[in-house]
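These notes are about the structure you will find just below.
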Amino acid sequence: MAVVLDLINNPRPRHPEKAHRPDSAVLKKPDWIRVKAPVSPGYNATRDIVRANKLVTVCEEAGCPNIGECWDKKHATFMIMGDTCTRACAFCNVKTGLPAALDADEPRHVAEATAKLGLKHIVVTSVDRDDLADGGAQHFAETIRAIRAACPTTTIEVLTPDFLRKDGALEIVVAARPDVFNHNLETVPSRYLTVRPGARYFHSLRLLQRVKEIDPRMFTKSGIMVGLGEERNEVLQLMDDLRSANVDFLTIGQYLQPTRKHHEVKSFVTPEEFKSYETVAYAKGFLMVSASPLTRSSHHAGDDFAKLKAAREARR
Ligand code: SF4
């Protein structure tokens, strides 16, 4: 079977670090995974604003299945600090390598694009920048401040790396006061060495807990993919771990394999199983839960933020 690497538009392979990996079979997607084709005028308008501001989006870099729906509504998630990541997680479609220097104008460009898209809620994420002394925390903070200045009523959600071995980095981002601090656990601890080898489960959990310790009013959020070989009980344990860290919002979505060189899909979790995870998660005390095959961290993030605030108010 042919090796699938992205060579059509790029003469250099997108994932040279994954070239040595054996091919894995790509399972046929079940009926319940259907996505909207990216062909609408709204999609084109979003793409034009992204290009004009020279921005990178996780929607494109991760090959997100929701891009047709989200960009039609002018919802895009900006990925700051370049398109090259210092980690090489087995599930991820973002390319790995030594990233370029930070672009000092990027915070302003993100803010301008947020204004042009008319976003009420913006999600900003990034690649891992283990090469930077602060892991990119200051750049995150400057981006938050630039958006606040340009769009004072827009609420801001950050989806950060783990800032592993970057003392003080988390505090810099929290001090910039995003409305939602999101950091994804991605999978259960038993799958970390295979799926997310550069990360540490308890470090990620502690990062989320620390956000709440610094600012108890800040909403915290985390997400995982299922279908990576995890057991149901492990997912339930992970929910308990997140609740112990006072995390407010849990997202659970189906892992989809970007290429044959990425981690294989071990199973397609049925919509009924997702519903069951959602029910259990609410019972464990999360303020908000989004669990469905096409749930992604930033999918419907604006609408979900409104529900999150309402859920907190309702518990008072
Ligand atoms: S779900 Fe998130 S990453 Fe995917 S297209 Fe929508 S905004 Fe982009």
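The values are calculated or read from the model by the stated rules, or taken from the named source; none is laboratory data. Predicted, not measured: the structure shown is a model, and the values here were computed from it. Using ideal geometry, Cβ is built from the backbone for each residue, glycine included, and neighbour counts are taken over all protein chains shown.
Annotation note: Cβ proximity below 6 Å between a residue of segment 56-77 that is of a type in the set (Gly, Ala, Ser) and a residue that is near the ligand (Cβ under 6 Å from one of its atoms) and modelled with pLDDT of 90 or more (sequence gap 6+ or interchain) occurs for 76/59. Here the condition is being among the polar types (S, T, N, Q), at pLDDT 95 or above and in contact with a Ser or Thr (Cβ under 6 Å, 6 or more places away or on another chain); of 251, 279, 270, it holds for 251 alone. One residue stands out among those in segment 29-54 that are closer than 19 Å to residue 127 by Cβ and surrounded by 19 or more Cβ atoms within 10 Å (Cβ to Cβ): the one that is nearest to the ligand (Cβ to nearest atom), which is 50. None of 113, 101, 133 is farther than 14 Å from residue 178 by Cβ, out of contact with any Pro (no Cβ under 9 Å at 6 or more places or on another chain), within 14 Å of the ligand (Cβ to nearest atom) and of a type in the set (Gly, Ala, Ser) except 113. A single member of 247, 265 is in a loop (DSSP other than H, G, I, E, B) and under 19 Å from residue 32 (Cα atoms), and it is 265. Of all residues assigned to segment 236-243, none qualifies as being surrounded by 14 or more Cβ atoms within 10 Å (Cβ to Cβ) and over 26 Å from residue 217 (Cα atoms). In a residue-by-residue description of segment 286-295, the property of being polar (S, T, N, Q), modelled with pLDDT of 95 or more, in a loop (DSSP other than H, G, I, E, B) and buried (at least 21 other Cβ atoms within 10 Å of the Cβ) applies to at least one position.
Contact map, segment 156-177: first residue under 22 Å from residue 57 (Cα atoms), second residue of a type in the set (Gly, Ala, Ser) and part of a loop (DSSP other than H, G, I, E, B), Cβ cut-off under 8 Å, separation 6 or more or different chains; pairs are 157/298; 159/297; 159/298; 161/135; 161/136; 162/199; 163/135.
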